[in-house]
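Visitor: Have a look at this one before I ask anything.
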Amino acid sequence: MLRDLDDLLTAIETEMDERDAVRELAVKSARTMTRLASDAIRGMHRGEDVSPSLQTAMDEAAKIHTVLADHIDLYHSGLLETAFQEVAEAAIVLAITRREPLPSPRALHVPAAAYLLGLADAVGELRRFALDALRRGDLETAEGHLATMEGIFDGLLRFDYPSALVAIKRKQDVARGLIERTRGEIVVAARSLGLERKLDGLSGRP
């Protein structure tokens, strides 16, 4: 009755060994993508050329997409979700700062849900750019970043799906708060700059 059990278990063991090896590869790939995307974002704030590291992250996303083509359950298991979000966020922020068209999820080899979450996270990085501009006294640039943040937020509000599809509600709330804070800080800076100019006028300074 159990004469075929060993053959059956051997076949199952072979399949599980393969899945375990692929899973380990996915974990390593996720770490690589996360590191490269994080390095790219930090480099952007320092004014560095981050194209090489970001391209490597995108190449890694494309590679793991191919590797997991026969293991679609692992692809959507959550192992890679954060890494895909990081890649999307970095690519989106870079495109915005370069005034280039936004890359699509397909171009980045990331799922649509991860792309949306990365887009939401980009609002926080744009706030950092806005604050950097305010510290330099560049009100116009700060206002430009705020306008982009608001545009992204308005777009994200179109997505009202269950968390099982895309857990975006919390990120929408976070983005709303960041925009309100940034808007307030820009208003304060604008008033301060206006007062400074008025005082300069009264003192006769050029």
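Visitor: Output the helices (runs of 4 or more DSSP H) that fall wholly within segment 24-133 and possess 2 or more residues being more than 21 Å from ALA175 (Cα to Cα), or say none.
Guide: 51-67, 72-75, 105-108
Visitor: Restricting to segment 45-89, name every residue that is surrounded by fewer than 21 Cβ atoms within 10 Å (Cβ to Cβ), more than 25 Å from ASP20 (Cβ to Cβ) and either touching a Pro at 6+ places or on another chain (Cβ under 8 Å) or of a type outside the set (S, T, N, Q) (or both).
Guide: Correct list: HIS45, ARG46, GLY47, GLU48, ASP49, PRO52.
Visitor: Right, something else. For segment 77-103, what are the residues that are out of contact with any Phe, Trp or Tyr (no Cβ under 7 Å at 6 or more places or on another chain) and closer than 19 Å to LEU165 by Cβ?
Guide: Passing the criteria: SER77, GLY78, LEU79, LEU80, GLU81, THR82, PHE84, GLN85.
Visitor: Failed condition for VAL27, given (1) within 18 Å of the chain's Cα centre (by Cα); (2) closer than 15 Å to GLU86 by Cα; (3) in contact (Cβ under 8 Å) with a residue 40 or more places away in the chain, with all others met?
Guide: Going through (1) within 18 Å of the chain's Cα centre (by Cα); (2) closer than 15 Å to GLU86 by Cα; (3) in contact (Cβ under 8 Å) with a residue 40 or more places away in the chain one by one, VAL27 breaks only (1).
Visitor: While we're here: Between residues in segment 38-66 that are over 22 Å from SER77 (Cβ atoms) and residues that are of a type in the set (Phe, Trp, Tyr) and in a helix (DSSP H, G or I), which pairs lie under 6 Å by C-beta distance while being six or more apart or on different chains?
Guide: The qualifying pairs do not exist here.
Visitor: Sort through LEU146, LEU139 and tell me the only one that's closer than 16 Å to LEU178 by Cβ and not assigned by TED's automatic domain parsing to the domain that holds PRO52.
Guide: Details: LEU139 fails: closer than 16 Å to LEU178 by Cβ.
Result: LEU146 is the single residue among LEU146, LEU139 that is closer than 16 Å to LEU178 by Cβ and not assigned by TED's automatic domain parsing to the domain that holds PRO52.
Visitor: In addition: Quick check: is even one residue across segment 146-159 in a loop (DSSP other than H, G, I, E, B) and either free of Cβ contacts under 8 Å to residues at least 24 places away in the same chain or touching a Lys or Arg at 6+ places or on another chain (Cβ under 7 Å) (or both)?
Guide: Initial filter on segment 146-159 (in a loop (DSSP other than H, G, I, E, B)): 157-159.
Imposing the further condition that a residue be either free of Cβ contacts under 8 Å to residues at least 24 places away in the same chain or touching a Lys or Arg at 6+ places or on another chain (Cβ under 7 Å) (or both) reduces the set to 157-158.
Checked against the condition, which is being in a loop (DSSP other than H, G, I, E, B) and either free of Cβ contacts under 8 Å to residues at least 24 places away in the same chain or touching a Lys or Arg at 6+ places or on another chain (Cβ under 7 Å) (or both), segment 146-159 yields at least one hit.
The values are calculated or read from the model by the stated rules, or taken from the named source; none is laboratory data. Every value quoted in this text rests on a predicted model; they were computed, and no experiment measured them. Virtual Cβ from ideal backbone geometry, glycine too; neighbours counted across all protein chains shown.
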